[in-house]
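The values are calculated or read from the model by the stated rules, or taken from the named source; none is laboratory data. All values reported here derive from a predicted model rather than from experimental measurement. As a convention, Cβ positions derive from the backbone with ideal geometry for all residues, glycine included, and neighbour counts pool all protein chains shown.
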Amino acid sequence: MGIQILPPDINESQPDFAVVEGGIRFGLGAVKNVGLKAVESVIEERNQGDPFKDLVDFCTRVDGSKVNRRVLEGLIQCGAFDFTGVERSRLMASLDDVTRLCGASQNPNQLTIFSAAPGGGVRTFDFAGIQNHVPWDEREQLRREKEALGFYITGHPLDRYREEVGRFTTSSIQDLTLLTDKTTVRVAGVIEELKIKRTKRGDKMAILTLEDQSGSTEVVVFPEVFERSSALLKSDEPLLVAGLAEVDEMVAKIISQEFSPLKMCDSRPSG
């Protein structure tokens, strides 16, 4: 419908999905390892005071008995702190230092070291000075985002292959249902689920879920194709799948014939 889905944000998100300016904001309650008590604690503190300024301010103010390290990891990986401008990998690398410094906030009767700054201000934390920080590439960031949310929100592994997708595919996954049954297709996507089975003869085959930016579909991999493609199926690389579309009313699946790494397709002659 053209409505933008925005990642979770600790200053905007509600427990469930919510309409905000610019789109629909992902709910905090949908983030993996972020339970209802943690969500309620975050929103209660947010409503009582100013918006959270950064990770340090957040850890200083929330109840550490409800918002533990696993909660923080999930919130960082899903993008809930992207508004700070500090990259997710750097926030994750700082967690040990930040939680150690903010540890006193778990006891409401103790002042945190940040509340003792001259003039009543909050001390800042040098995220740029984090030691042993290893930046995440786009693929790693998206992988962690998908792990935290179950969805890709801020991007998709296929985005960097727009040219190859345009040249070598014949259909998006969403449009498979518009095709005639048994149409030959080439579809690009990433494997989201892989189930390896055995036929009655004992040969290995697979049923997998392939996803692109428009949706997902089932792909059947019979033994002959599985034997020559098993290494590709176990990788996390975006793939080009050639096969036959089986279309039954509004449901479509692909009987695969060939798998190719999408990153290799730019070396093929077009057509």
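Numbers below:
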| item | result |
| --- | --- |
| Exclusive hit being in a helix (DSSP H, G or I), within 27 Å of the chain's Cα centre (by Cα) and of a type in the set (D, E, K, R), set LYS253, LYS263 | LYS263 |
| Which listed residue is within 18 Å of THR84 (Cα to Cα) and in contact (Cβ under 8 Å) with a residue 60 or more places away in the chain, from LEU72, LEU55 | LEU55 |
| Identity of the residue in segment 74-85, among the aliphatic types (A, V, I, L, M) and outside any loop (DSSP other than H, G, I, E, B), that ends up surrounded by the fewest Cβ atoms within 10 Å (Cβ to Cβ) | ILE76 |
| Segment 134-173, residues that are closer than 18 Å to LEU262 by Cβ, in contact with a strand residue (DSSP E or B) (Cβ under 7 Å, 6 or more places away or on another chain) and not aromatic (Phe, Trp, Tyr) | PRO157, LEU158, VAL165, THR169, THR170, SER171, SER172, ILE173 |
| Selection from segment 171-195 of residues that are among the β-branched types (Val, Ile, Thr) and free of Cβ contacts under 8 Å to residues at least 12 places away in the same chain | none |
| The lone exception for PHE26 - which of (1) over 15 Å from the mean Cα position of the chain (by Cα); (2) under 23 Å from ASP63 (Cα atoms); (3) of a type in the set (Phe, Trp, Tyr) it fails | (1) |
| Subset of segment 55-73 that is polar (S, T, N, Q) and part of a loop (DSSP other than H, G, I, E, B) - its residue that is surrounded by the fewest Cβ atoms within 10 Å (Cβ to Cβ) | SER65 |
| Positions within segment 13-44 being buried (at least 17 other Cβ atoms within 10 Å of the Cβ), free of Cβ contacts under 8 Å to residues at least 40 places away in the same chain and part of a helix (DSSP H, G or I), in sequence order | GLY29, ALA38, VAL39, SER41, VAL42 |
| Some residue of segment 197-204 being out of contact with any His (no Cβ under 7 Å at 6 or more places or on another chain), farther than 24 Å from ARG167 by Cα and β-branched (Val, Ile, Thr) | yes |
| Residue satisfying condition, being farther than 28 Å from PRO7 by Cα, in contact with a helix residue (DSSP H, G or I) (Cβ under 9 Å, 6 or more places away or on another chain), modelled with pLDDT of 95 or more and not hydroxyl-bearing (Ser, Thr, Tyr), within set ARG186, ARG167, ARG201 | ARG186 |
